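The values are calculated or read from the model by the stated rules, or taken from the named source; none is laboratory data. These numbers come from a predicted model, not from an experiment. Quick reminder, even Gly has a Cβ in these numbers, built from the backbone with ideal geometry, and neighbours come from all protein chains shown. Just the protein is used for accessible areas: all its heavy atoms, side chains included, with ligands, DNA and RNA removed. Shrake-Rupley method; radii C 1.70, N 1.55, O 1.52, S 1.80 Å.
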Amino acid sequence: MLKEGRVATRLPAQDLNRAKAFYADKLGLHPAEEREGGLRYVCAGGEFALFESAGAPSGEHTQMGWEVDDIDATVAELRSHGVVFEEYHAPGLETVDGIADIRGNYPSKGAGERAAWFRDSEGNMLGIGQPVHA
């Protein structure tokens with residue numbers, strides 16, 4: 001039953017105005033729909049919504065991600081708008097200039113993935129990935 005459904009992510013925001021400004025100014029995204037307590041965004045492969053919440057995300061794991069064709073260009077563009085990327089230096093996960101090479105990740109998509117992560121204004125951990133083809 002769910003296989004035929006569209007995936008739609010929901011992210012908490014303690015301050016919707018601050019989040020709306022971040023998504024517009026830093027990511028170039030504008031809501032397709034606004035209602036009291038929520039903003040809905042539509043991207044090429046799905047949608048996500050920000051909802052007003054008193055709670056805060058843990059920010060300890062990727063809560064939403066985009067798959068792109070050119071991660072280097074995407075990271076450079078986002079940096080030019082003030083997005084700050086996470087740096088990781090741990091066994092099995094090492095970033096260089098904000099981008100990690102992850103071998104064997106989702107082998108049906110290729111030989112691995114290049115990935116980068118950043119936090120939005122509300123502390124949600126967002127990711128960008130690019131499949132690596134052998």
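Points worth noting:
- If you go through the stretch 85-112 and pick out every residue that is over 30 Å from LYS20 (Cβ atoms) and either open to solvent by 30 Å² or more (accessible area, probe 1.4 Å) or of a type in the set (Lys, Arg) (or both), you end up with 17.
- Scope the stretch 6-23; condition of a type in the set (A, V, I, L, M, F, W, C) and exposed (fewer than 15 other Cβ atoms within 10 Å of the Cβ); matching residues: VAL7, ALA8, ALA21
- Unique residue being open to solvent by 90 Å² or more (accessible area, probe 1.4 Å) and out of contact with any strand residue (DSSP E or B) (no Cβ under 7 Å at 6 or more places or on another chain) when the list is LYS3, LYS26: LYS3
- Qualifying residue in the stretch 47-66 (condition: exposed (fewer than 15 other Cβ atoms within 10 Å of the Cβ) and more than 17 Å from PRO12 (Cα to Cα)): no
- Of all the listed residues (GLU77, GLU87, GLU113), the sole one being in a strand (DSSP E or B) and free of Cβ contacts under 8 Å to residues at least 40 places away in the same chain is GLU113.
- Residue count, the stretch 103-130 (criterion: modelled with pLDDT under 90 and either under 18 Å from the mean Cα position of the chain (by Cα) or not polar (S, T, N, Q) (or both)): 9
- Search result, residues across the stretch 117-128 that are out of contact with any helix residue (DSSP H, G or I) (no Cβ under 7 Å at 6 or more places or on another chain), open to solvent by less than 30 Å² (accessible area, probe 1.4 Å) and not hydrophobic (A, V, I, L, M, F, W, C): GLY123, ASN124, GLY127
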